[in-house]
1. Using the structure shown, decide if Glu67 is assigned to a loop (DSSP other than H, G, I, E, B) and of a type in the set (D, E, K, R).
2. Exactly one condition in (1) surrounded by 14 or more Cβ atoms within 10 Å (Cβ to Cβ); (2) touching a residue at least 60 places away in the same chain (Cβ under 8 Å); (3) over 26 Å from Ala166 (Cα atoms) is false for Asp324; which is it?
3. Could you please let me know if Gly302 is in a helix (DSSP H, G or I), under 45 Å from the mean Cα position of the chain (by Cα) and closer than 29 Å to Leu217 by Cβ?
4. Tell me which residues, restricted to the range 184-204, are over 19 Å from Thr137 (Cβ atoms) and either among the hydrophobic types (A, V, I, L, M, F, W, C) or touching a helix residue (DSSP H, G or I) at 6+ places or on another chain (Cβ under 9 Å) (or both).
5. With the condition kept exactly as written, say whether any residue in the range 189-202 is of a type in the set (Val, Ile, Thr) and part of a helix (DSSP H, G or I).
6. Please verify whether the range 225-247 includes one or more residues that are more than 30 Å from Leu344 (Cβ to Cβ) and either out of contact with any Asp or Glu (no Cβ under 7 Å at 6 or more places or on another chain) or not charged (D, E, K, R) (or both).
7. Applying the selection to the range 91-125, what residues are buried (at least 19 other Cβ atoms within 10 Å of the Cβ) and of a type in the set (S, T, N, Q)?
Amino acid sequence: MNPAPPPVGPPSTHGETPGRRPRRRWWLVITAVLVIAAVAVAGILYEAHRRIATPYQGYEGAEAFVEIPQGAGVIAIGRTLARAGVVRDETTFRLAVWRLEAGRLLKAGEYQFAGPLTAEQVVTRLVRGEVFLRTITFPEGLTFQEMGRLFESRGFGPASAFVAAARNRALVADLDPAARDLEGYLFPETYSLSRTATAVDLVAMMVGQFRKVHADLWPGAGATRPLREVITLASLVEKETAVPDERPTVAAVYANRLRLGMPLQCDPTVIYALVKAGQWNGNLTRTNLQVDSPYNTYRYPGLPPGPIANPGRGAVAAALVPGDVDYLYFVSRNDGSHEFATTLADHNRNVQKYQVQYFRDKRARERAEGAGRGR
């Protein structure tokens, strides 16, 4: 019998099972798609990185100011910055916010931008709250008129605007009903202001700072004297000495004189009177000491009608708690410090030493030096 013929069909490949080749083709397609997708994602990420890491400046001029309103969201902030030319577009800004995870950290305020910045740098500044502020420092012992001139010299506005704001006694009516202006209550310190801040805003800040100092110092001192008296005395102390350690002693001299009914004989009060009358020429004379003004403590007993300057914290603290000394006199040593005395005889000797002999010796030295240079 003849053997059966072999089965008819396509030749088989060694080691391959039916269905293997279609599955391989699918894996190749999937792999290719994944590779293409990965390349596309890498391209997108690269482009995103390039957009947020490339410095950009789309505004003309050296700087741009942008106001970020309170409560503005990321989209609104991005739109504002893009319109101002600070970032390339809203998408770039949002990418930078997303990368830095800063969506809830952006702070409101006015910002100053100068020169090309990356979107990340812009976002970082908003996160840090680096708002644009201008500072002005008022030294202790200035009158509000002098503060006004300083305000103008620093470019914040006209002195007249500051002076007008400083006449708003309503700001301290609850503290000092007798106040005719804010002299004494404009606390000397460094203040930071936005570009749009006015003299009215600054004066309100200064009175607010005074209130903080008042709340801090008064409870501990247990003061029973009217606030106006304390601040008036503090203004005298501030004008008489710039040496911190001397302030309680100077305050004690005036407090002792007030207790004994002695005239205060404070030169700065006379100068204040002369300035108010438009008669001050920078030189205090014996004739000046007779000027008829309630601020002239040579002619009128007790404290002057009100503060003659705006004292700092140290002078206010000294006026609240004067030193425990019995001095009644003091005279300048001509180096910023003072010599104190209890009796008039001691005071006269100090005057002879520091105000008479001192200047005689000084003139003699100057003549000798001049003669030496002329040889």
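The values are calculated or read from the model by the stated rules, or taken from the named source; none is laboratory data. Just so it is clear, the structure is predicted and the values come from calculations on it, not from any experiment. Every residue, glycine as well, gets a Cβ built from its backbone with ideal geometry; the counts of neighbours run over all protein chains shown.
1. On the way: assigned to a loop (DSSP other than H, G, I, E, B): no; of a type in the set (D, E, K, R): yes.
It is false that Glu67 is assigned to a loop (DSSP other than H, G, I, E, B) and of a type in the set (D, E, K, R).
2. If we test Asp324 against (1) surrounded by 14 or more Cβ atoms within 10 Å (Cβ to Cβ); (2) touching a residue at least 60 places away in the same chain (Cβ under 8 Å); (3) over 26 Å from Ala166 (Cα atoms), just (1) comes out false.
3. Values: in a helix (DSSP H, G or I): no; under 45 Å from the mean Cα position of the chain (by Cα): yes; closer than 29 Å to Leu217 by Cβ: yes.
Against the criterion (in a helix (DSSP H, G or I), under 45 Å from the mean Cα position of the chain (by Cα) and closer than 29 Å to Leu217 by Cβ), Gly302 does not qualify.
4. At the first step, the residues of the range 184-204 found to be over 19 Å from Thr137 (Cβ atoms) are 196, 200.
Across the range 184-204, the qualifying residue is only Val200.
5. Here is the first cut: in the range 189-202, the residues of a type in the set (Val, Ile, Thr) are 190, 196, 198, 200.
Imposing the further condition that a residue be part of a helix (DSSP H, G or I) reduces the set to 200.
Looking for residues that are of a type in the set (Val, Ile, Thr) and part of a helix (DSSP H, G or I), one finds at least one in the range 189-202, hence yes.
6. Pass one, the range 225-247, residues more than 30 Å from Leu344 (Cβ to Cβ): 226-228.
Applying the additional criterion that residues be either out of contact with any Asp or Glu (no Cβ under 7 Å at 6 or more places or on another chain) or not charged (D, E, K, R) (or both) yields 226-227.
Yes, the range 225-247 has at least one match.
7. Thr92
Conditions (1) among the hydroxyl-bearing types (Ser, Thr, Tyr); (2) modelled with pLDDT of 95 or more; (3) touching a strand residue (DSSP E or B) at 6+ places or on another chain (Cβ under 8 Å), marked per residue:
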residue: Gly282; (1), (2), (3): no, no, no
residue: Val316; (1), (2), (3): no, yes, no
residue: Pro322; (1), (2), (3): no, yes, no
residue: Val325; (1), (2), (3): no, yes, yes
residue: Tyr329; (1), (2), (3): yes, yes, yes
residue: Thr342; (1), (2), (3): yes, yes, yes
residue: Ala345; (1), (2), (3): no, yes, no
